[in-house]
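Visitor: One structure, pasted below without further comment.
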Amino acid sequence: MKLQKRICSHTRLFLRLSILLFLCYPRSVHAQKNDDNIELANVDETYEFQYDTRQKQVTVKQNLYKDFICNGFRSAIPFSESYNGQEEIKNVAITVDGKKAKMITPSYDYLNIDEYFYSDIRVCHFMLPFTRQNSHSEVTIEKEIKDPRYLTTVYLNEGYAVQQKKVTVIVPRWMDVEIHTFHFEGQDITTEKNYDKAKDADVYIYTAKVLPARKSASMSPGPSWIYPHILVRSRSASYKDEKFSYFNTTKDLYQWCHNLTTQLHPDTAALGAKAREITAGITDPFAQMKAIFYWVEENIRYIAFEDGIAGFKPDESHEVMRKKYGDCKGMANLTKELLIRCGLDARLCWIGTNHIMYDHSIPSLSADNHMICAVKYNNKWWYLDATEKYMQPGIYAERIAGRQVMIEDGDNCLLENIPVVTPEQNIRLFKETLTITGNNVSGRIKYQYNGESKSDLLYNVNLTKKDRVQTALEKYITNSDNHYKISNVTTSALDQRDGNLEVNFDLVYEDAVSAFGKEMYIDIDFNKEYNNAAIDTVKRTTDYRFSTKANFITETELIIPASYKTVTLPEDLHITTPNFSFDITYKTTGNKISYRKQIKINNTYLAKASFTEWNKAVAALSKKYLEQITLSQQ
C-alpha cells in the first residue's frame with residue numbers, strides 16, 4: 001500500500017486534537033515508557049457544583065487526587081494538568097513517600113509548541129520522582145471551573161494502568177444536570193446515586209477497577225469512541241432568586257456559539273476590496289463561490305491558533321486575511337465574509353468531525369471541534385472547509401462526511417447533515433499497457449485521481465518548492481521504489497481542484513520478469529495496496545479508522561511476446577464484506593492478458609471484532625500478490 005505521506009489538513013487537525021488530548025486527557029498526560037513500572041494505585045476525582053456569592057455565578061469545584069506507585073526501579077515521570085481561561089488551579093500538593101515534596105515547584109506556562117501551535121490552554125507541569133520500588137508519589141490538585149458549561153467529558157482511563165478510580169459528581173438540587181455514560185459495557189465499573197442531606201445534593205459515583213493504560217496507536221478513532229467516560233451537561237440552575245440557563249437545548253448551544261461571532265467587527269471595506277479582486281471578471285455566482293473558496297485554500301495557511309474563550313471564538317476575518325494564516329474558525333469566518341461581499345448566502349457552521357462520537361442531540365461543547373462555511377445556492381447547501389487543500393465544492397473529506405452540522409440562521413440554527421461519501425468519490429484509476437523486454441516490464445501508463453486521492457497527491461507534490469515539484473511527483477508515484485523507473489511525465493495542472501487529475505508517464509519496472517529455460521514468470525502488479533497490512537491483534541488495543549473510503553482500481557493489459565503462450569494464470573480473488581472488498585481477476589484474450597484489481601474501503605471504522613476478518617482477507621490478498629503469471633515459449 002502506498003502510504004499517505006502528507007500532513008493534510010484533516011491530519012493536522014487530528015494532530016492538533018491529539019496534542020490537546022495529550023494535555024487534557026488523561027489529566028496526567030504522559031504515558032509510561034515501561035508498561036508496568038509505574039501505575040496508579042488510586043485516583044479520586046470530584047466535581048461539585050457551587051454558587052459563588054461574590055461573583056453571583058455557578059462554578060464547579062474540582063478536586064483531583066492521584067496516587068502513583070513504583071512497581072520496579074527508581075524513576076521519574078513528567079506530570080501535567082491543563083487548564084484554560086475559564087479555569088483556575090487553586091492549589092497543588094505533592095508528596096513523595098508520604099512526605100511533602102518541598103523541592104518540587106510546579107511551572108505554569110501557556111501551551112506553545114515550536115511557535116507553530118498556540119492556545120490559550122495553560123499547563124501546570126513538573127517532574128514527579130519515585131525513590132525506590134513500591135514507593136508512592138501523590139498529587140492533589142484543586143481547580144475551579146468558572147463556567148459549568150466547560151465541565152464536559154471525564155474519562156476513566158489514564159495514561160497509566162489504574163487499580164481503582166472513582167469519579168464523583170455532586171449536584172445540588174438547585175442545579176439541573178444531565179450525565180451520560182459511554183462504553184461502560186464489559187468494564188468493571190459500578191455506578192451509584194446517593195442523596196446528601198446536608199448539601200441537599202444528589203451524589204453520582206462512578207467507580208472503576210483494573211483499567212488498562214491508554215496507549216496511543218496510529219489510525220485510532222477519537223477517545224470518545226473507545227474509552228469509558230461520562231459526559232456532564234449543565235442544563236440550568238435556579239439558586240434562590242437567581243436563574244441561569246446553560247445548555248438545556250441545542251438552541252442554547254447555538255446561541256452561545258453564535259453570540260461569540262456577533263462580537264466580531266469585520267473590516268467591510270478591506271474584505272469587499274479583496275472579494276472584488278478575487279472575482280474580477282467572474283459574473284456567475286457559483287463560479288464566484290469557487291474562486292473565493294480556492295483563494296482561501298491557497299492563500300491562507302492553516303495554523304492551529306486556539307485563542308479566546310478557550311478556543312471557541314473566531315479571529316477577525318480581516319486579520320486572518322492580513323496575517324495569511326488562521327485556524328479552522330478564522331478560515332471559515334474569512335470564507336464567509338468574502339462570500340457575503342459577493343452577495344452569496346454564506347453562513348458559519350459548527351461541526352464535530354468523526355474524531356467525536358456525539359452530535360448536537362447532546363448540546364455540549366464536546367459536540368464540536370471544527371468550523372466550516374456553508375453556502376445556500378440553488379436551494380442546496382454547499383459546505384466549504386478551507387482547511388482542506390485542493391478540494392472542490394461538493395467533494396467532502398471523510399472526517400466531516402455524513403456528520404451533523406449546526407448552521408447559523410440568525411437567532412436560530414439549522415441542523416443538517418453533510419452528504420455521506422462513498423468510495424466512488426475517491427477513485428484512483430491506474431490504466432497500464434505493458435510489454436516485456438528482457439527482465440523488465442515497460443509501457444505507457446495513465447493514472448487518474450479524484451476526490452481525496454487527488455487532494456492527497458496535490459498536497460504532497462505542492463509541499464515542495466516549485467523547481468522540485470516534478471521530483472516530488474515522481475517519488476509519490478513510485479513510492480521511492482528504485483525498481484520503478486518513470487520518465488516523460490505529463491500531467492494536468494498540478495494546482496487544479498475541479499475534475500480529475502491525470503498523470504501520464506513511461507514506465508520501466510525492473511526485474512519484474514524471471515526466466516528459467518523456456519518459461520517466463522511475470523509480476524504484473526507494481527502497486528500492491530494493503531500488502532502485508534495485517535493488524536497486530538496482540539499489541540493493538542484500539543479500533544482502527546482508515547483516513548478515507550479508498551477506491552483503488554488497476555486495469556492492466558500485458559502483451560504476450562510472440563512465440564509465447566499462457567501456461568498459468570493465478571486464480572481470481574473475490575472477497576466482499578460490509579467494510580471492504582478485494583477483487584482481482586485475470587483473463588487471456590488473444591495475445592493479451594488482462595488484469596483487473598479493485599480494492600474498496602466502504603466503512604472507515606474497523607472495530608476490533610472485525611480484525612480477524614480483515615487479517616484473513618489481507619493474508620489472501622498478500623498471497624495473491626506473490627503469485628505470478630507463467631508464460632512458456634512454444
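What follows draws every value from the coordinates through simple rules; no lab data is involved. Owing to the predicted nature of the structure, the values given are computational and were not obtained by experimental measurement. Ideal geometry is used to build each Cβ from the backbone, glycine not excepted, and the neighbour counts take in all protein chains shown.
Visitor: In terms of the ratio Rg/(2.2 N^0.38 Å) built on C-alpha atoms, what value belongs to the stretch 171-272?
Guide: Numbers: Rg = 20.2 Å, N = 102, 2.2 N^0.38 = 12.8 Å.
Normalised Cα radius of gyration, the stretch 171-272: 1.58.
Visitor: Let's test the formula: R0 of 60 Å, r as the Cβ-Cβ distance of residue 515 and residue 44. What FRET efficiency results, to the nearest 0.05? Please report the intermediate quantities before stating the final value.
Guide: Numbers: r = 72 Å, r/R0 = 1.20.
Using R0 = 60 Å, I get an efficiency of 0.25.
Visitor: Suppose every Lys and Arg Cβ carries +1 and every Asp and Glu Cβ carries -1, with no other charges. What dipole size does the stretch 23-239 come out with about its Cα centre, to the nearest 20 debye? Walk me through the numbers before you get to the answer.
Guide: Numbers: 27 positive and 29 negative charges, 74 e Å.
Taking the Cα centre of the stretch 23-239 as origin, the dipole is about 360 debye.
Visitor: How high is the relative contact order of the stretch 251-420, in percent, counting Cα pairs under 8 Å that sit 6 or more residues apart?
Guide: On the way: 297 pairs, mean separation 37.5, N = 170.
Dividing the mean separation by the residue count of the stretch 251-420 yields 22 percent.
Visitor: What three numbers, in Å, describe the spread of the alpha carbons of the stretch 266-363 along their principal axes, ordered from the longest?
Guide: Here the Cα extents, ordered largest to smallest, are 45, 26, 21 Å.
Visitor: Quick check: residue separation of residue 270 and residue 217 times 0.36 nm, minus the Cα distance between them. What number comes out in nm?
Guide: Details: separation 53, 0.36 × 53 = 19.08 nm, distance 4.53 nm.
The span from residue 270 to residue 217 would gain 14.5 nm if fully extended.
Visitor: Take the stretch 424-633, compute every pairwise Cα distance, and split them into 10 Å bins from 0; I just need the percent in each bin.
Guide: 8, 30, 33, 22, 6, 0
Visitor: Another question about this same structure. Taking the Cα centre of the chain as origin, sum charge times position over the Cβ atoms of Lys and Arg (+1) and Asp and Glu (-1), and report the length of that vector in debye to the nearest 20. Numbers along the way, then the final one.
Guide: Values: 79 positive and 80 negative charges, 121 e Å.
So the magnitude is around 580 debye.
Visitor: Putting +1 on Lys and Arg Cβ atoms and -1 on Asp and Glu Cβ atoms, find which of 96, 464, 124 reaches farthest to the positive end of the dipole of the chain.
Guide: Working it through, the farthest residue towards the positive pole turns out to be 464.
Visitor: On the principal axes of its Cα set, how long, how wide and how thick is the stretch 558-634? Give whole Å, largest value first.
Guide: So the three principal-axis extents are 51, 18, 12 Å.
Visitor: Counting other Cβ atoms within 10 Å of each Cβ, which trypsin sites (Lys or Arg not before Pro) in the stretch 523-571 have at most 10 and sit in a DSSP loop? Intermediate values should be presented prior to the final figure.
Guide: Working: sites: 528, 539, 540, 545, 549, 565; in loops: 528, 539, 540, 549.
Qualifying residues, ordered by number: 539.
Visitor: Next question, about the same structure. Could you work out how much longer the chain between residue 555 and residue 286 gets when fully extended? Use 0.36 nm per residue separation minus the Cα distance between them, nm to one decimal.
Guide: Result: 93.3 nm gained on full extension.
Visitor: Setting aside same-chain residues fewer than 8 positions from residue 565, which lysines have a Cα under 26 Å from its Cα?
Guide: 431, 518, 528, 587, 592, 597, 623, 624
Visitor: Using DSSP to call loops (not H, G, I, E or B), can you name the trypsin sites (Lys or Arg not before Pro) in the stretch 69-168 whose Cβ has at most 14 other Cβ atoms within 10 angstrom? Numbers along the way, then the final one.
Guide: On the way: sites: 74, 90, 99, 100, 102, 122, 132, 143, 146, 149, 165, 166; in loops: 74, 102, 132, 146.
Qualifying residues, ordered by number: 74, 102, 132.
Visitor: Could you calculate, for the stretch 23-239, the ratio of the Cα radius of gyration to the Kirkwood radius, expressed as Rg to Rh? Kindly include the intermediate steps, with their values, before the conclusion.
Guide: Numbers: Rg = 17.7 Å, Rh = 18.4 Å.
In the stretch 23-239, Rg relative to Rh is 0.96.
Visitor: Would you give the gap between the C-alpha center of the stretch 567-627 and the C-alpha center of the stretch 345-385, rounded to a whole Å?
Guide: 36 Å
Visitor: Among all stretches of the chain without exposed GluC sites (Glu not before Pro) (DSSP loop, at most 11 other Cβ atoms within 10 Å), which one is longest?
Guide: On the way: sites that count: 115, 185, 571.
So the longest stretch without any such site is 186-570.
Visitor: OK, next. Full extension from residue 173 to residue 240: what is 0.36 nm times the residue separation minus their Cα-Cα distance, to one decimal in nm? Don't skip to the end; give the middle numbers.
Guide: Numbers: separation 67, 0.36 × 67 = 24.12 nm, distance 1.13 nm.
Length difference between fully extended and current span is 23.0 nm.
Visitor: Looking at the chain only, what percent of DSSP beta bridges run antiparallel? Nearest 5 please. Mind showing how you got there, number by number?
Guide: Working: 166 of 185 bridges.
Roughly 90 percent of the DSSP beta bridges within the chain come out antiparallel.
Visitor: Another question, if that's okay. Over what distance in Å are the Cα centres of the stretch 86-107 and the stretch 207-246 separated?
Guide: Each part reduced to its Cα centre gives a spacing of 25 Å.
Visitor: Turning to a different aspect of this structure: Sort out for me the Cα centre separation of the stretch 484-519 from the stretch 453-470, rounded to whole Å.
Guide: 17 Å
Visitor: For the chain, what is the calculated [θ] at 222 nm in deg cm²/dmol (nearest 500), taking -39500 (n - 2.57) for each run of four or more DSSP H residues and dividing by its residue count?
Guide: Details: 10 runs with 117 residues, N = 634.
For the chain, the value works out to -5500 deg cm²/dmol.
Visitor: Along the charge dipole of the chain, Cβ charges K/R +1 and D/E -1, which of 579, 631, 369 sits furthest on the positive end?
Guide: Projecting each Cα onto the dipole axis, the largest value belongs to 631.
Visitor: Using a 10 angstrom Cβ neighbour count of at most 13 plus a DSSP loop assignment to flag exposed chymotrypsin sites (Phe, Trp or Tyr not before Pro), which longest range of the chain is free of such sites?
Guide: Values: sites that count: 73, 116.
Counting only loop sites that pass the neighbour cut-off, the longest clear stretch is 117-634.
Visitor: Once you charge only the Cβ atoms, +1 for Lys and Arg and -1 for Asp and Glu, what is the size of the charge dipole of the stretch 251-420 about its Cα centre, to the nearest 20 debye? Intermediate results must be reported in sequence, preceding the final value.
Guide: Details: 18 positive and 23 negative charges, 74 e Å.
The dipole magnitude comes to about 360 debye.
Visitor: Which of the trypsin sites (Lys or Arg not before Pro) found in the stretch 237-344 are in a DSSP loop and have at most 13 neighbouring Cβ atoms, other than their own, within 10 Å? It would help to have the intermediate numbers written out before the result.
Guide: On the way: sites: 240, 243, 251, 274, 276, 290, 301, 322, 323, 324, 329, 336, 341; in loops: 240, 324, 341.
In loop regions of the stretch 237-344 (DSSP not H, G, I, E or B), the sparsely surrounded trypsin sites (Lys or Arg not before Pro) are 240, 324.
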